[in-house]
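Scroll down for the structure; my scribbles are underneath it.
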Amino acid sequence: MSIDTSKVATSNSSAATAKKPGKAGAVANWADERLGLGTAMKKNLRKVFPDHWSFMLGEIALWSFVVLLLTGVFLTLWYHPSMAEVVYEGSYDPLRGVLMSDAMASTLHISFDVRGGVLMRQMHHWAAMIFIASMMVHLLRVYFTGAYRKPRELNWVIGCLLLLLGTLEGFTGYSLPDDLLSGTGIRAADGFMKSIPVVGTYLSFFLFGGEFPGDQIIPRLYMIHVLLIPGILLALIAAHMLLLVYHKHTQWPGPGRTEENVVGFPMLPVYAAKAGGFFFIVFGVTAIMGGLLSINPIWKYGPYDPTKVTAGSQPDWYMGWPDGALRIMPGWEFHLGGYSFALNVFLPIIVLPGLMFTILLLLPFIESWITGDKREHHLLERPRNAPTRTALMVSLMTFYGLMWAAGGNDIIAITLNSDINQITYFIRVAVFVGPAIAFWVTRRWCISLQRHDEAKLLHGYETGVIMRSPEGGYSERHLPISENAAYTLTARDRDVVWTPGSETDESGVAAPGGRLDGLRAKLSTLWFADNVQKPTAQELEEARHHAEHEHALTAALDGVAADGHQFDGHHAVEGESLRGS
Amino acid sequence: MRILNSTAGRLSRHRRGRLAGALMLMVGLVAAGGLYTAVMTPASAEKTQDLASQVEEGRKLFLVGCSTCHGTNGEGILTDRGNNLGPSLVGVGAAAVDFQVSTGRMPMAQPGAQAPRKDVAYSEEETAALAAYVATLGPGPAIPDESDYSIEGLDSEAQEAAIVRGGQLFLTNCTACHNFEGSGGAMPNGGYAPTVRGVDAKYIYEALLTGPQNMPSFSNGNLTPDQKRDIIAYINSLNESAGVGGFGMGSLGPVAEGLFAWIVGIGALVGFAVWIAAHTTRSNKKKVEA
């Protein structure tokens, strides 16, 4: 008996033996035996994350925060948080011999006499601007996709707190160099505090350790900037990400994706590589910006001096919208019993931001109260499928954007050769009218897109093939969309308007109606009004029948060159000739 | 003495005559003129002659190009509502004319919030003639000499000290309107403080002296000539230190910085996020269309 062994591999000459672990394996084993890493990592290294570009926006914030920590530590090595007056003797000629605070002098020292100092300062500043901007972009993504719904409401709240703390962190950092611009900012903050009725002056004196500017504010802001807020930020970021892991990441609906699973790639090796690589990209972008774009040139502002001010004194962008509100506010002020009530400052800069932040914080709770939706959601919703929600945020964005523009009214005036007063008058009206228009337009836009989706489901997509009937009528040929596309379009819930008494207790007894029930029912009706619901199975079936019927009617025309030239003699058409000839 | 008295007396009888005033003026003018010609050297006489003809030429140009708004004698014209169509030019001095006309601000193309800088309408000689004419309307600041606004004559240490002093004066007096780098800023009702970068030192000096448009004038009591010179030296030094931190984005402060953070920073990073998400894992080298 001869066996053909030509197909058998010749390399398996010896039996497999357990190899001695490599160096890395030995180290891992050593650590595992002492720290129990294996058990802890086993699950988490294989944690699955879904793939979509918009899920990486929060990562920009995370990585720019890391850049902030790295560059910030570098800056603390040379920065002096002191308001002691010194004579600048560094290498920047135009300020040599000028009296300034030690804080300013040390910042100039970092900028001109520490190797890489100006790069680190600029990277730190750009990373801060990007940190807050990316948090906002991330917030918008989470909002527009409905990712903040149950069970993620608290993570939304943590995210909002991060945004607020990031803003405060930015403002305290912006103030540390004690240059003319930031000094103007602190002076303004002093005024904001003093506009608070009754306690304003006490608050200001408490913060500044006496009357502005005193010699306390810089060391105090420094402590807040490098210890207090970063500590809270780190804790909240950790909580934010632990909750992300606990809740699992949301995903877009699609074939194979349900409320119970997550379809994507494992942490190791895919997301470790992607996220790790993204850190280097964020670091690189901030480094390029820090190296090429001059930000906060304090040597040009010079040291702070209450007698000086510069045109174009604006806060960093994230404080721009309250500044805009302040700029367009009419000069309302009244006096009572010898005390001034500066509503022109108090309303736009203390009340308004607090109000807006509260609205932001409460958005998930307001929505679930109106809709009565208390189910868990792990599949995202397309913005068009929640028209009122989408319109609400676009409306808020419009308000924010207009306030932002108002904060740069002087720059707009000089760059666009326009009149600063006219800009201000326009925005005073537009902040009320604009959001209303934006709300209405966005809502109708979303509903139109829903109708478009419905048409695609029921009648198919537009092929661009124009058919001419024997009677001379024209129509466009529609073809059915793919099964996968149809599944994705229909993978959403039907909207349910909340009605009073719809909630029952565990015994099936309707809950007694509260006083707000009427309002809630009305709001719920308005919230879902005019939304297009996905077609029922029956409707889909009817549509398919209709399409088949229509197709059968026009089948005879398929493959016929109906270009009309058989009638005009322009060129011959095969198999067709002029009538009568 | 008696003869003198009687002659004087006889003359004195005519002192209230109708022609006496005119006659005396003529006598005075002829005497002054004669003395002037007699005493002055021929060169300066020529100069005077030149000045006179220059003034005359300036007056003619003025009547054609400026008098519609400023009045035929530079006295200014009021509109029906009591606003200035063109302000009086009595006492503005040659410096004001040189500034306004040499930078193209005057003659204005149209009434407006502010006369913008534009192409120059008059040649140098014509501008000088206009300046000479307006200077005759009343005493005012003259066109400064280069030695007034240049620090060339100082040694390097003194130059550096001048720049430091100028910087502090600039931040105290100028930046509130003109911005920390002299990029300009907005003023109420469509007005604006124009950029001072790239402007001839002479015109900055003249603007300080005469306070054109919305600008206050900084008299020599307010800012001494040396202080004006130092400010100009600082503005010039800004051009040299412009690139310390990199591209200045128009030197407009935090608004431009915010715009760049969003457009360049967030724009690039979101672009990279899209790129990373678009390149997902695959088991073979062929790209799978997602």
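Take the conditions of a type in the set (Lys, Arg) and within 30 Å of A:GLY264 (Cβ to Cβ) and apply them to A:ARG384. Does it pass?
On the way: of a type in the set (Lys, Arg): yes; within 30 Å of A:GLY264 (Cβ to Cβ): yes.
Yes; evaluated as a whole, the condition is true for this residue.
Could you list, in sequence order, the residues of region A:455-492 that are free of Cβ contacts under 8 Å to residues at least 40 places away in the same chain, among the polar types (S, T, N, Q) and surrounded by 14 or more Cβ atoms within 10 Å (Cβ to Cβ)?
Hits for region A:455-492: nothing passes.
Could you tell me which residue of region B:137-192 is farthest from B:THR210 (Cα to Cα), considering only residues that are more than 10 Å from every other protein chain (Cβ to nearest Cβ), hydroxyl-bearing (Ser, Thr, Tyr) and surrounded by 16 or more Cβ atoms within 10 Å (Cβ to Cβ)?
Here the residue is B:SER150.
I'm trying to understand the selection: among the residues of region A:286-299, which are at the interface with chain B (Cβ under 7 Å from one of its Cβ atoms) and farther than 20 Å from A:ILE218 by Cα?
Scanning region A:286-299 gives A:MET289, A:GLY291, A:LEU292, A:LEU293, A:SER294, A:ILE295.
If the Cβ limit is 8 Å and pairs must be 6+ apart or interchain, which residue in region A:418-429 that is facing another protein chain (nearest Cβ under 7 Å) pairs with which residue that is among the acidic types (Asp, Glu)?
Qualifying pairs under 8 Å: A:ILE420/A:ASP410.
Would you point out which residue out of A:GLY372, A:GLY337 is touching a helix residue (DSSP H, G or I) at 6+ places or on another chain (Cβ under 8 Å), on the phi > 0 side of the Ramachandran plot and away from chain B (no Cβ under 14 Å)? Steps first, please.
Details: A:GLY337 fails: touching a helix residue (DSSP H, G or I) at 6+ places or on another chain (Cβ under 8 Å).
Being touching a helix residue (DSSP H, G or I) at 6+ places or on another chain (Cβ under 8 Å), on the phi > 0 side of the Ramachandran plot and away from chain B (no Cβ under 14 Å) holds for just one of A:GLY372, A:GLY337, which is A:GLY372.
Scan region A:282-310 for residues that are closer than 17 Å to B:ASN179 by Cβ, part of a helix (DSSP H, G or I) and not hydrophobic (A, V, I, L, M, F, W, C) and jot them down.
A:LYS300, A:TYR301
Would you confirm, using the coordinates I've provided, whether A:GLY302 is within 14 Å of another protein chain (Cβ to nearest Cβ), touching a residue at least 40 places away in the same chain (Cβ under 8 Å) and more than 30 Å from A:PRO94 (Cα to Cα)? Break it down into steps so the answer makes sense when it comes.
Working: within 14 Å of another protein chain (Cβ to nearest Cβ): yes; touching a residue at least 40 places away in the same chain (Cβ under 8 Å): yes; more than 30 Å from A:PRO94 (Cα to Cα): no.
The answer is no for A:GLY302.
State which residue is surrounded by the fewest Cβ atoms within 10 Å (Cβ to Cβ) when the search covers only region A:217-244 and only residues that are touching a helix residue (DSSP H, G or I) at 6+ places or on another chain (Cβ under 6 Å) and not aliphatic (A, V, I, L, M).
Of everything passing the filter in region A:217-244, A:HIS240 is surrounded by the fewest Cβ atoms within 10 Å (Cβ to Cβ).
Determine which member of the set A:MET100, A:MET83 is in contact (Cβ under 8 Å) with a residue 60 or more places away in the chain, among the aliphatic types (A, V, I, L, M), more than 14 Å from chain B (Cβ to nearest Cβ) and more than 21 Å from A:THR286 (Cα to Cα).
Numbers: A:MET100 fails: more than 14 Å from chain B (Cβ to nearest Cβ).
The conditions single out A:MET83.
For the structure I just gave you, tell me whether B:ALA158 is assigned by TED's automatic domain parsing to the domain that holds B:ALA233, free of Cβ contacts under 8 Å to residues at least 12 places away in the same chain and over 20 Å from B:ARG59 (Cα atoms). Let's see the steps before the verdict.
Values: assigned by TED's automatic domain parsing to the domain that holds B:ALA233: yes; free of Cβ contacts under 8 Å to residues at least 12 places away in the same chain: yes; over 20 Å from B:ARG59 (Cα atoms): yes.
In short, yes.
Which one is nearest to the chain's Cα centre (by Cα) among residues in region B:185-204 that are on the phi > 0 side of the Ramachandran plot and among the small types (Gly, Ala, Ser)?
We begin by selecting, within region B:185-204, every residue on the phi > 0 side of the Ramachandran plot; these are B:189-190, B:198.
Next cut, among the small types (Gly, Ala, Ser) only: B:190, B:198.
Numbers: B:GLY190: 20, B:GLY198: 14 Å.
By that ranking, first place goes to B:GLY198.
Does any residue of region A:475-484 turn out to be out of contact with any helix residue (DSSP H, G or I) (no Cβ under 6 Å at 6 or more places or on another chain), away from chain B (no Cβ under 14 Å) and assigned to a helix (DSSP H, G or I)? Write out each step before concluding.
Taking region A:475-484 first, the residues out of contact with any helix residue (DSSP H, G or I) (no Cβ under 6 Å at 6 or more places or on another chain) are A:475-477, A:479-480, A:482-484.
Adding the requirement that they be away from chain B (no Cβ under 14 Å) leaves A:475-477, A:479-480, A:483.
Retained after the next criterion (residues that are assigned to a helix (DSSP H, G or I)): A:483.
For region A:475-484, residues out of contact with any helix residue (DSSP H, G or I) (no Cβ under 6 Å at 6 or more places or on another chain), away from chain B (no Cβ under 14 Å) and assigned to a helix (DSSP H, G or I): present.
Any chance you could count how many residues in region A:311-326 are assigned to a loop (DSSP other than H, G, I, E, B) and of a type in the set (D, E, K, R)? Talk me through it step by step, then tell me what you get.
Filtering region A:311-326 for residues assigned to a loop (DSSP other than H, G, I, E, B) gives A:311-316.
Subset that is of a type in the set (D, E, K, R): A:316.
The total comes to 1.
Which number in (1) more than 21 Å from the chain's Cα centre (by Cα); (2) touching a residue at least 60 places away in the same chain (Cβ under 8 Å); (3) more than 7 Å from every other protein chain (Cβ to nearest Cβ); (4) surrounded by 16 or more Cβ atoms within 10 Å (Cβ to Cβ) marks the one condition that A:TRP321 misses?
The number of the failed condition is (1).
For residues that are without any contact (Cβ under 8 Å) to a residue 60 or more places away in the chain and within 14 Å of chain A (Cβ to nearest Cβ), scanning just region B:205-237, find the one that is farthest from the chain's Cα centre (by Cα).
B:ASN236
Does region B:213-247 hold any residues that are β-branched (Val, Ile, Thr) and over 21 Å from A:TRP299 (Cα atoms), and which are they? So that I can check it myself, show each step before the final result.
So in region B:213-247, the residues β-branched (Val, Ile, Thr) come out as B:224, B:231-232, B:235, B:244.
Of everything in region B:213-247, just one residue is β-branched (Val, Ile, Thr) and over 21 Å from A:TRP299 (Cα atoms), namely B:THR224.
Being of a type outside the set (Asp, Glu) and more than 8 Å from chain B (Cβ to nearest Cβ): is that true of A:ILE281 here? If you could, list the steps in order and put the result at the bottom.
On the way: of a type outside the set (Asp, Glu): yes; more than 8 Å from chain B (Cβ to nearest Cβ): no.
Criteria not met by A:ILE281.
Can you pull out the residues in region A:224-240 that are of a type in the set (A, V, I, L, M, F, W, C) and in contact (Cβ under 8 Å) with a residue 40 or more places away in the chain?
A:ILE224, A:VAL226, A:ILE229, A:ILE232, A:LEU233, A:LEU236, A:ILE237, A:ALA239, listed by residue number.
When the residues of region A:32-61 are narrowed to those that are away from every other protein chain (no Cβ under 14 Å) and of a type in the set (S, T, N, Q), which ends up farthest from A:ALA275 (Cα to Cα)?
By that ranking, first place goes to A:THR39.
Is it the case that A:LEU164 is surrounded by fewer than 18 Cβ atoms within 10 Å (Cβ to Cβ), under 20 Å from A:HIS124 (Cα atoms) and in contact (Cβ under 8 Å) with a residue 12 or more places away in the chain? Walk me through it before giving the result.
Working: surrounded by fewer than 18 Cβ atoms within 10 Å (Cβ to Cβ): yes; under 20 Å from A:HIS124 (Cα atoms): yes; in contact (Cβ under 8 Å) with a residue 12 or more places away in the chain: yes.
Against the criterion (surrounded by fewer than 18 Cβ atoms within 10 Å (Cβ to Cβ), under 20 Å from A:HIS124 (Cα atoms) and in contact (Cβ under 8 Å) with a residue 12 or more places away in the chain), A:LEU164 qualifies.
Does region B:238-269 hold any residues that are over 17 Å from A:LEU180 (Cβ atoms) and at the interface with another protein chain (Cβ under 7 Å from one of its Cβ atoms), and which are they?
Once the filter is applied, which keeps residues that are over 17 Å from A:LEU180 (Cβ atoms) and at the interface with another protein chain (Cβ under 7 Å from one of its Cβ atoms), region B:238-269 yields B:GLY246, B:PHE247, B:MET249, B:GLY258, B:PHE260, B:ALA261, B:TRP262, B:VAL264, B:GLY265, B:ILE266, B:ALA268, B:LEU269.
For B:MET106, only one of the following conditions fails: (1) part of a helix (DSSP H, G or I); (2) under 29 Å from B:ALA186 (Cα atoms). What is its number?
Unmet for B:MET106, out of (1) part of a helix (DSSP H, G or I); (2) under 29 Å from B:ALA186 (Cα atoms): (1).
The values are calculated or read from the model by the stated rules, or taken from the named source; none is laboratory data. Computed from a predicted structure; not experimentally measured. Using ideal geometry, Cβ is built from the backbone for each residue, glycine included, and neighbour counts are taken over all protein chains shown.
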